[in-house]
1. Have a look at A:Ile52, A:Ile107 and point out the one that is at pLDDT 90 or above and of a type in the set (Val, Ile, Thr).
2. Just one of A:Val279, A:Val275 is of a type outside the set (Ser, Thr, Tyr) and open to solvent by less than 40 Å² (accessible area, probe 1.4 Å); which is it?
3. Within region A:170-181, track down each residue that is open to solvent by 50 Å² or more (accessible area, probe 1.4 Å) and within 14 Å of chain B (Cβ to nearest Cβ).
4. Return the residue satisfying two criteria in turn: it lies in region B:97-127 and is closer than 16 Å to B:Asp294 by Cβ and of a type in the set (A, V, I, L, M), and of such residues it is farthest from the other protein chains (Cβ to nearest Cβ).
5. For residues that are of a type in the set (A, V, I, L, M) and over 12 Å from A:Ala125 (Cβ atoms), scanning just region A:200-225, find the one that is surrounded by the fewest Cβ atoms within 10 Å (Cβ to Cβ).
6. Are any residues in region A:223-259 of a type in the set (D, E, K, R) and in contact with a helix residue (DSSP H, G or I) (Cβ under 6 Å, 6 or more places away or on another chain), and if so, which ones?
7. Do you know which of the residues in region A:231-261 that are in contact with a Ser or Thr (Cβ under 7 Å, 6 or more places away or on another chain) and not aliphatic (A, V, I, L, M) is surrounded by the fewest Cβ atoms within 10 Å (Cβ to Cβ)?
Amino acid sequence: MHRLLGVDAEVDRDQGLTKRTEPRTPTRRLQLSAALHGRPRLKLALLLVPPIVWIGVIYLGSLTLLFASAFWRVDELSGTIVHDWGLQNFRTIWENEIYHTVAFRTIKFAAAVTVIDIMLAFPLAYYVARIARPKSRPVILLLIVMPLWSSYLVRAFAWRTILSHNGVLDWATSKLGLGAIGIGYSDTAVLIVFCYLWLPFVILPIYTALERIPSSLLEASQDLGAKNATTFRRVVLPLAKPGIVAGSIFSFALTLGDYIAPSLVGKTQFIGNIVKDNVGAANNAPFAAAYALIPVAIMAVYLTVARRMGAFEEL
Amino acid sequence: MKRPARIAAVIVASALLLAAGGVDSKPTHARASASPPTKIGKGEGQLDLIAWDGYVESGKNDPKADWVTPFEQQTGCKVTVKFEPTSDDMVAAMREGGGGAYDGVSASGDASNRLIAGGNVAVVNTKLIKGFSDINKKLQSPPHNTVNGKHYGVSFMWGANVLLYNTDVVKPAPTSWSVVFDPKSPYAGKLTAYDSPIYIADAAIYLKATKPSLKITDPYELTPKQLAAAVAVLKPMAKGIAKYWGLAGDEVDLFANGSVVAGQAWPYQGVALQRDGKPVRAIIPKEKVTGWADTWMMSSKAKHPNCMYKWMNWTLTPEVQAQVAAFVNYDPANPKACSILGQAVCDGLHVTDPKYFASISFWKTPLSNCGDKRGNACTDYSVWTQKWTEIKG
């Protein structure tokens, strides 16, 4: 009996009148669980520490450092950072035309890539979500996501080979009698590669949004006499909008920050190239930090607007 | 205050604290205070280098070009190397994380003085360098690696920045830099140039010869007016550039696939292309050239100083000097290499020709002090860097 109940033999014999001779030593785990019992706040705090350290220290901390170092400068001879607070970096950006040109070029490209990617992504996402047979859907989605499983660098270098002088593209067009196109290392090349690289990121949120639209809504629209175009304009598009905006965040933000694709397939400078040159070659991290605040600020505005449009529900 | 807001406030406050911590930590000014060693001890088993393309070969590019494997076998120092495309990148790498990430660097004259001034490199005891007295007299104590009588390294190789062109396309054979700098060049669109602010000096050399009214005396000592003239040459040229090159391999690819038919290069690229049977030729145009003289320097925080001393000794031996010279087509700092290279090769490289040596404007860091009676009237490298960003557009 005592063995079954797990009580002391003595206790069992005296009907529980004697004290237990040796209290069962609780294991660490039991202690921990006892300490946490009835303290939901403590439990929550323990759960939240790793993500808060991640977001707070590593992400926001480095952002804050970035912001702070934008006001420092570099000692010219020794190349070390001097912690004198000043606006000199921002003055340089303000006074030199070239930094405006590069910033506007980057924004222009980000916008163009976003528009092109949405135009390419929407029909495809619509087809997968609403027209393709349910059986083939996972296959198409797999094909869309597949490029993301290979290295970014490999894909960028592949495009360099395709677009460069006497490359695959030139070879193909001259075989077709069109002559060589010769867009190697041009802005067009950069645009093509950006559109290619970010396309899956745009397709997926649009697909999610379109897939969620209940068929009953489309039927109701038709029952009420709306033509296909009207249904598309007044039912599908508004419901897909958060997905489109969510996708545009990816293409816009990724283009704004990228410097590898332009340096591999193009020759003009983007914000990222200026930042990279200043961190590396020019050894002027404070200036790089100041210039990097431009895309940060643009994205802050962009994300605020996107939130208003409900984009975060589709992420 | 709502709870999420409070949490957010805590996060931001802790981030600020962290940033403040960053403010407090002053950079440690590394000074080579320790006196140089008096003997070379046992190797530490490893050697981490920063180098130009072609300087640290272990037979991977060309089975015949291998001076790393025998070094590793003899000394037990395992060599790792990071190739950097410009002097600026080299200086940045040597300063990375406060220095000490690398043991040594093959610094050109425009990087070496920056590294010395920044305290990033150590004084070298030349008594421990066998064959130091064999070095070309002009390169034993040149101002780019010897300051106040202290040697901060051992000269290695030197050479000229040549004009490389495709002999099938560029006809007649060019004799002048105008083939790249003239805005009406028939080869616009198929040109290349070195992607570094120091390339401005090449335009200055061209202007020195073609526009004497600018009175350019030294391509690295440019007044704002002279610099503006050089920028005015380079800006229209940027439109005709197919792509700027950084690493030597990039330029080799550009010439090999026909994207580019003419541009400034190191002799290394010309040799590499000719080895692959490509129709290219490298020449010294009549306006003369810029060039470089490289020094193996040791980091003031080197983790493997004995291996670095062994490396500096190794790379100065006539055998290694000859091997490197044959592989990259640069001039060896130790003319004794000529006994192995053969006199014909050495004459072709002008190894012992003082006139040729004097005709090269070796890379150095532009400073606001012109170094002559003009005083502080010149433009320093930060201005050059700024202008280079503008030129590339």
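1. So the residue among A:Ile52, A:Ile107 that is at pLDDT 90 or above and of a type in the set (Val, Ile, Thr) is A:Ile107.
2. A:Val275 is the lone residue from the list that is of a type outside the set (Ser, Thr, Tyr) and open to solvent by less than 40 Å² (accessible area, probe 1.4 Å).
3. If the condition is that a residue be open to solvent by 50 Å² or more (accessible area, probe 1.4 Å) and within 14 Å of chain B (Cβ to nearest Cβ), then A:Trp171, A:Ser174, A:Ala180, A:Ile181 are the ones that fit.
4. Only one residue fits best here, namely B:Val124.
5. Across region A:200-225, the extreme among qualifying residues is A:Leu224.
6. A:Asp258 - this is the single residue of region A:223-259 that is of a type in the set (D, E, K, R) and in contact with a helix residue (DSSP H, G or I) (Cβ under 6 Å, 6 or more places away or on another chain).
7. So, considering only residues that are in contact with a Ser or Thr (Cβ under 7 Å, 6 or more places away or on another chain) and not aliphatic (A, V, I, L, M), the one surrounded by the fewest Cβ atoms within 10 Å (Cβ to Cβ) is A:Thr231.
Residue-wise test of (1) farther than 16 Å from B:Phe327 by Cα; (2) of a type outside the set (Val, Ile, Thr); (3) buried (at least 20 other Cβ atoms within 10 Å of the Cβ).
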{"site": "B:Ala230", "(1), (2), (3)": "yes, yes, yes"}
{"site": "B:Val233", "(1), (2), (3)": "yes, no, yes"}
{"site": "B:Ala238", "(1), (2), (3)": "yes, yes, no"}
{"site": "B:Lys243", "(1), (2), (3)": "yes, yes, yes"}
{"site": "B:Ala256", "(1), (2), (3)": "yes, yes, no"}
{"site": "B:Val261", "(1), (2), (3)": "yes, no, yes"}
{"site": "B:Gly270", "(1), (2), (3)": "no, yes, yes"}
{"site": "B:Arg275", "(1), (2), (3)": "no, yes, no"}
{"site": "B:Lys278", "(1), (2), (3)": "yes, yes, no"}
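The values are calculated or read from the model by the stated rules, or taken from the named source; none is laboratory data. Source: prediction; values computed, not measured. Note: ideal-geometry Cβ built from the backbone for every residue, glycine included; neighbour counts use all protein chains shown. These area figures cover heavy atoms from the full protein model, side chains too; ligands, DNA and RNA do not enter into them. Shrake-Rupley method; radii C 1.70, N 1.55, O 1.52, S 1.80 Å.
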